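The values are calculated or read from the model by the stated rules, or taken from the named source; none is laboratory data. This one's a predicted model, so the numbers in the text were calculated from it and none came from an experiment. Don't worry about glycine lacking a Cβ; one is built from the backbone with ideal geometry, like all the others, and counts go over all protein chains shown.
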């Protein structure tokens, strides 16, 4: 029996080994693309969620702590006519209505949530891998980011075949630098008027002069 086993092993050693061709196996790897949760699950997860914040103030009798309770927020993606889907921070109390209006909890353009370097979902449009990045300025007071995400049309005639449309060259072109500066100047005067004056930013037109921080008075 031992001789038979030895012969069997000797025969297996004599079998020719398969030749290597140098070719490698082809493997297709697909990312697990987030598709978002169902509307019912999204509503059940967030609707009715409240958050608390505390604010300290100095009163006549010493320090006063005020607790504010408000609906929580979530990032959703708003459909637009010309910009695809834009991320917006919305109140959880509005989720049901926004879903009926076509908003989504995952960006349909890149089929992902826009996550920043800290792992937090963000409204930064430059985090969308499906669109070209846009210019941005940052407020020196509150670090709010001002994006050049307004659509402007400069090619061709605005009126098309309509002879009644005045083609005004004064509005023919602008740059991302000019557009973001105009938006940031408005932000400074609206939310940080003291800093705007210190930075010698040109005053806003009378129709847009803020009557109080955070409030802009529209002209009559």
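Below is a table of values for the structure above.
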quantity	calculated
Qualifying residues in the range 68-81 (those that are out of contact with any helix residue (DSSP H, G or I) (no Cβ under 9 Å at 6 or more places or on another chain) and under 15 Å from residue 103 (Cα atoms)) - the one surrounded by the most Cβ atoms within 10 Å (Cβ to Cβ)	77
Selection count where residues are modelled with pLDDT under 75 and closer than 21 Å to residue 77 by Cα, scope the range 20-44	6
Candidate set from the range 91-110 (those that are touching a helix residue (DSSP H, G or I) at 6+ places or on another chain (Cβ under 6 Å) and not in a loop (DSSP other than H, G, I, E, B)); member that is surrounded by the fewest Cβ atoms within 10 Å (Cβ to Cβ)	96
Test result for residue 68, in the same structural domain as residue 97 (by TED's automatic domain parsing) and closer than 29 Å to residue 111 by Cα	no
Residue pairs meeting the criteria (Cβ under 9 Å; at least 6 apart or on separate chains; first in a helix (DSSP H, G or I), in the range 42-55; second at pLDDT below 75 and surrounded by 14 or more Cβ atoms within 10 Å (Cβ to Cβ))	42/36
Some residue of the range 151-171 being outside the structural domain of residue 76 (by TED's automatic domain parsing), in contact with a helix residue (DSSP H, G or I) (Cβ under 6 Å, 6 or more places away or on another chain) and either modelled with pLDDT of 90 or more or under 18 Å from residue 82 (Cβ atoms) (or both)	no
